[in-house]
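Trainee: Questions regarding the structure given below will be posed in turn.
The values are calculated or read from the model by the stated rules, or taken from the named source; none is laboratory data. In this text, all values refer to a predicted model and were calculated from it rather than measured experimentally. Glycine also receives a Cβ, built like all others from the backbone with ideal geometry; neighbour counts cover every protein chain displayed.
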Amino acid sequence: MAIMTTTSSLAFQPVLERIAEEIERTPGRGRPADYIPALAACDPRRFGMAVAELDGTVYGVGDWRQPFSTQSITKVFTLALDLAREGDSLWEHVGREPSGNPFNSLVQLEYESGIPRNPFINAGALVVTDRLHTRTGDAAGELLAFLRSESGNPALGFDQEVAASESAHGARNAALAHFMASYGNIDNPVPVLLDQYFRQCSVAASCADLARATTFLARHGIRSDGSRLLSRSQAKQVNAIMLTCGTYDAAGDFAYRVGLPGKSGVGGGVIAVVPGRCTLCVWSPGLDERGNSVAGVAALDRFTTLTGLSVF
């Protein structure tokens, strides 16, 4: 089969439709996240995919306008918002290396004196949320305002059922936060931090919303209104961490298959960035054993194969 190198935006829609047809024929779709009851009932055969160009034009297929639970995808935006305010001093409190362990592991924190390995495992995201909350007084609200602005969708909001479900089953995250607090790496009271973190993870958004909201990373730090959120170097840093740490302990396989910076969430969504060109979001709730969408990763793999668009 010949590769269809994308030379114009008009090529995106047929590529997406072809991918959707191929995914529809795929038998195994994984299982929804069952440790968060509000997510367990999702149909693993749901599928949506969107591509956003740098001017905000979006193409999509399937359930691309259906809101879903963003979960860990929001860690990318919280990282960008704090990095814009704090700069390099953030890295004194959280590392930039792949973890190689499950996203909610306590083991590494003990060895590394309460400094999480990267901003996308739960411990690292708690630190970033904590630091953003210290600087803004409402980390989750700051995140939501940013997503509404960049997506162009003022109706985006928190899913209170999901937030409550996560809070009721959040003992491991509480343990991570208390453990880091014992090392002086958390500023705010742990209950306040956990409330902010669970709200952050409960944002409901569609593939169209998230693809559009992510385009600032493809524009090297420039927001949709033309203002600069991140320096070009900082945007490079966020994309690099997405590539090496964005899909839990499967980042190497994701880089091998997809070849793009990406970030997944256990709600079944995955965002990806083609710097200087476009951004993508795909959603399908069925997960593999590492917490990544089975159909989502397969669809991104097909996209980069069919278009030739990757960072490699």
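Trainee: Residue check, residue 53 against (1) under 19 Å from residue 297 (Cβ atoms); (2) surrounded by 17 or more Cβ atoms within 10 Å (Cβ to Cβ); (3) at pLDDT 90 or above, all met but one. Which one?
Mentor: Status for residue 53: all satisfied but (1).
Trainee: May I ask you to list the residues in region 236-273 that are surrounded by fewer than 24 Cβ atoms within 10 Å (Cβ to Cβ) and farther than 18 Å from residue 125 by Cβ?
Mentor: 236, 252, 253, 255, 256, 257, 259
Trainee: Scan (1) more than 27 Å from residue 40 (Cβ to Cβ); (2) in a loop (DSSP other than H, G, I, E, B); (3) of a type outside the set (Asp, Glu); (4) in contact (Cβ under 8 Å) with a residue 24 or more places away in the chain for the single condition residue 180 breaks and write down its number.
Mentor: Unmet for residue 180, out of (1) more than 27 Å from residue 40 (Cβ to Cβ); (2) in a loop (DSSP other than H, G, I, E, B); (3) of a type outside the set (Asp, Glu); (4) in contact (Cβ under 8 Å) with a residue 24 or more places away in the chain: (2).
Trainee: So which residues in region 25-38 are closer than 16 Å to residue 290 by Cβ and at pLDDT 80 or above, if there are any at all?
Mentor: 29, 30, 31, 32, 33, 34
Trainee: Would you mind finding the one in 255, 235 that is among the hydrophobic types (A, V, I, L, M, F, W, C), assigned to a helix (DSSP H, G or I) and more than 24 Å from residue 293 (Cα to Cα)?
Mentor: On inspection, the qualifying residue turns out to be 235.
Trainee: Does residue 260 count as under 14 Å from the mean Cα position of the chain (by Cα) and in contact (Cβ under 8 Å) with a residue 40 or more places away in the chain?
Mentor: In short, yes.
Trainee: Within region 241-257, which residues are touching a residue at least 60 places away in the same chain (Cβ under 8 Å) and closer than 20 Å to residue 303 by Cα?
Mentor: 242, 243, 244, 246, 251, 252
Trainee: Can you confirm whether region 2-11 contains a residue that is at pLDDT 95 or above and either not β-branched (Val, Ile, Thr) or not in a helix (DSSP H, G or I) (or both)?
Mentor: Among the residues of region 2-11, not one is at pLDDT 95 or above and either not β-branched (Val, Ile, Thr) or not in a helix (DSSP H, G or I) (or both), which makes the answer no.
Trainee: With the requirement that a residue be in a loop (DSSP other than H, G, I, E, B), modelled with pLDDT of 95 or more and aromatic (Phe, Trp, Tyr), what does region 61-109 give you?
Mentor: Within region 61-109, just 64 meets the criteria.
Trainee: Being outside any helix (DSSP H, G or I), under 16 Å from the mean Cα position of the chain (by Cα) and surrounded by fewer than 24 Cβ atoms within 10 Å (Cβ to Cβ) is the requirement here; does residue 291 meet it?
Mentor: yes
Trainee: If you scan region 203-224, which residues turn out to be touching a residue at least 12 places away in the same chain (Cβ under 8 Å) and either in a strand (DSSP E or B) or under 12 Å from the mean Cα position of the chain (by Cα) (or both)?
Mentor: Residues satisfying the conditions are 203, 204, 205, 207, 210, 211, 213, 214.
Trainee: Quick check: anything in region 60-80 surrounded by fewer than 21 Cβ atoms within 10 Å (Cβ to Cβ), over 14 Å from residue 287 (Cβ atoms) and more than 19 Å from the chain's Cα centre (by Cα)?
Mentor: So far as region 60-80 goes, no, none of its residues is surrounded by fewer than 21 Cβ atoms within 10 Å (Cβ to Cβ), over 14 Å from residue 287 (Cβ atoms) and more than 19 Å from the chain's Cα centre (by Cα).
Trainee: In region 128-159, what residues are assigned to a helix (DSSP H, G or I), in contact with a Lys or Arg (Cβ under 9 Å, 6 or more places away or on another chain) and either touching a residue at least 60 places away in the same chain (Cβ under 8 Å) or within 21 Å of residue 58 (Cβ to Cβ) (or both)?
Mentor: 129, 139, 140, 142, 143, 144, 146, 149, 150, 151, listed by residue number.
Trainee: So residue 192 clears everything in (1) over 23 Å from residue 98 (Cα atoms); (2) assigned to a loop (DSSP other than H, G, I, E, B) except one condition, right? Which one?
Mentor: That leaves (2) as the condition not met.
Trainee: Further question: Give me the residue from region 274-287 that is in contact with a Lys or Arg (Cβ under 9 Å, 6 or more places away or on another chain) and either in a loop (DSSP other than H, G, I, E, B) or not aromatic (Phe, Trp, Tyr) (or both) and, out of that set, surrounded by the most Cβ atoms within 10 Å (Cβ to Cβ).
Mentor: 281
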